[in-house]
1. Would you pick out the residues in segment 259-276 that are within 15 Å of N237 (Cα to Cα) and more than 22 Å from the chain's Cα centre (by Cα)?
2. For segment 216-324, list the strands (runs of 3 or more DSSP E) that sit wholly inside it and hold at least 1 residues that are aromatic (F, W, Y), farther than 13 Å from I195 by Cβ and at pLDDT 85 or above; which are they?
3. Going through segment 65-74 one residue at a time, which ones are surrounded by fewer than 20 Cβ atoms within 10 Å (Cβ to Cβ) and at negative phi?
4. Step by step: first the residues of segment 321-332, then only those that are of a type in the set (A, V, I, L, M) and touching a Lys or Arg at 6+ places or on another chain (Cβ under 8 Å), then the one that is surrounded by the fewest Cβ atoms within 10 Å (Cβ to Cβ). Which residue is that?
5. Is it true that some residue in segment 250-272 is out of contact with any Gly (no Cβ under 9 Å at 6 or more places or on another chain) and on the phi > 0 side of the Ramachandran plot?
6. Quick one: would you say Y45 is modelled with pLDDT of 85 or more, outside any strand (DSSP E or B) and crowded, with 17+ Cβ neighbours inside 10 Å?
7. Just wondering, is there one or more residues in segment 28-37 that are farther than 21 Å from I184 by Cα, among the hydrophobic types (A, V, I, L, M, F, W, C) and surrounded by 14 or more Cβ atoms within 10 Å (Cβ to Cβ)?
8. For segment 165-190, how many residues are of a type in the set (S, T, N, Q), assigned to a loop (DSSP other than H, G, I, E, B) and surrounded by 19 or more Cβ atoms within 10 Å (Cβ to Cβ)?
Amino acid sequence: MKYFCTLLTMFLIGFGTSQAQDVEILSESFESTTDWTTSGTCSGYPWKIASSTASEGSKSAIFESFDANPGCSAELLSPLLTVNNPGTDDSVYFTFDIYRGTSYSTKNDRIELYFQNAAGQTVNGPATIYRVYNKTPSSQSGWVSFIFRSKLSLAGSGSSVSFKIMVKGISDYGDNIFIDNFKIYHHKSTSNSTIQLTNPNGGNQLSSGTTFNVTWFSTGINKVNIDFTIDGGVSWNNIASNVDATLYTYAWIIPPVSSKTCKVRIVNAANASEKDESDSYFEIIKTPGVGIESIESNTKVYPNPAHKRLIIESNSFIQSVRLININGQEFLSRSFTNDTNQTELVLTEGIKPGIYWVEIQTEEGIIRKKVSIL
């Protein structure tokens with residue numbers, strides 16, 4: 001008979017009341033070649049995988065505490081596991097079985113469980129289970145199942161968290177310790193955050209080259225990404241990334257395209273599944289005079305391709321100059337109060353190679369020229 005227990009210790013927590021999704025990220029029954037590793041020998045007796053008493057199948061992981069010296073220990077380490085895009089309320093939990101015998105019941109042979117980060121540093125633990133059946137937690141003999149829950153707060157890199165589970169066997173010269181059927185899950189909580197795009201929400205008619213305020217409402221979100229499509233959602237182009245969500249507005253420079261099947265979407269930068277888009281299509285009209293075909297002969301932008309700088313010359317007085325990409329994102333901007341016919345844009349390291357527009361506001365109107373930046 002198998003018993004089931006839930007162990008909550010100082011480093012283990014419950015999940016709360018929000019809806020959630022559990023994703024299995026490891027299942028180990030120790031039946032075939034395993035990626036688990038051992039550390040420490042405990043008087044020459046490390047953890048081993050062998051045919052023996054088993055909860056599932058014919059093999060289990062064994063710590064030979066009966067033959068080891070009292071007080072010595074050995075570690076069994078899971079493979080490195082990775083959770084992608086963890087939410088702030090996400091958890092990791094793992095379940096496993098341990099055999100609780102009735103012999104040598106006065107001995108305190110035990111296992112301790114820890115979380116380690118990718119660098120091998122212990123960040124959570126210990127939680128302790130005694131092998132003997134008359135010790136808490138759980139006072140049953142035979143195979144007993146345990147579940148451990150821990151908030152996913154391990155140090156990660158970018159949008160992922162990596163960790164290992166360490167099972168430490170400690171001998172008190174009692175019967176051997178058997179564990180089996182080890183499973184690890186990512187418990188993904190549904191947060192209370194909300195996000196709603198409010199404009200453009202469909203039916204708008206926007207002109208290329210103009211500035212339009214994209215607006216939204218959100219709660220419980222720090223950063224948002226903003227995208228747009230001109231083909232009804234088949235493909236999406238980024239407008240801006242990691243925008244402060246509490247601004248609730250972003251000034252979008254409408255790109256030089258023409259389409260009646262446009263939409264904008266706003267996405268939680270920390271959780272791509274939380275997003276909202278325009279309820280229906282809006283239209284972008286490519287304004288006459290905007291585009292490479294309308295280049296004025298009296299205005300020059302060089303060198304093209306450019307590497308470190310751009311020179312702009314015009315027979316008309318230049319009032320302002322902007323460098324924008326084909327999606328309408330602004331990268332550089334300069335304005336002039338004095339009459340000038342020439343200026344220079346220094347291309348900073350943050351400007352990636354690609355195709356850009358140089359928008360030149362003169363006293364006679366707006367001119368755009370396409371340039372390639374290396």
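The values are calculated or read from the model by the stated rules, or taken from the named source; none is laboratory data. Keep in mind that this is a model prediction, so the values were computed, not measured. Ideal geometry is used to build each Cβ from the backbone, glycine not excepted, and the neighbour counts take in all protein chains shown.
1. Residues satisfying the conditions are S259, T261, C262, K263, V264.
2. On the way: elements: 223-229, 237-244, 249-253, 259-268, 275-277, 282-285, 299-302, 309-314.
In segment 216-324, the matching strands (runs of 3 or more DSSP E) lie at 223-229, 249-253, 282-285, 299-302.
3. Answer for segment 65-74, where residues must be surrounded by fewer than 20 Cβ atoms within 10 Å (Cβ to Cβ) and at negative phi: F66, D67, N69, P70, C72, S73.
4. Filtering segment 321-332 for residues of a type in the set (A, V, I, L, M) gives 321, 323-324, 326, 332.
Pick out the ones that are also touching a Lys or Arg at 6+ places or on another chain (Cβ under 8 Å) and you get 321, 332.
Working: V321: 22, L332: 17.
For segment 321-332, the residue satisfying everything is L332.
5. No, there is no match, as no residue in segment 250-272 is out of contact with any Gly (no Cβ under 9 Å at 6 or more places or on another chain) and on the phi > 0 side of the Ramachandran plot.
6. On the way: modelled with pLDDT of 85 or more: yes; outside any strand (DSSP E or B): yes; crowded, with 17+ Cβ neighbours inside 10 Å: yes.
Against the criterion (modelled with pLDDT of 85 or more, outside any strand (DSSP E or B) and crowded, with 17+ Cβ neighbours inside 10 Å), Y45 qualifies.
7. Just the residues of segment 28-37 that are farther than 21 Å from I184 by Cα, to begin with: none.
Looking through segment 28-37, none of the residues is farther than 21 Å from I184 by Cα, among the hydrophobic types (A, V, I, L, M, F, W, C) and surrounded by 14 or more Cβ atoms within 10 Å (Cβ to Cβ).
8. Number satisfying all stated conditions: 2.
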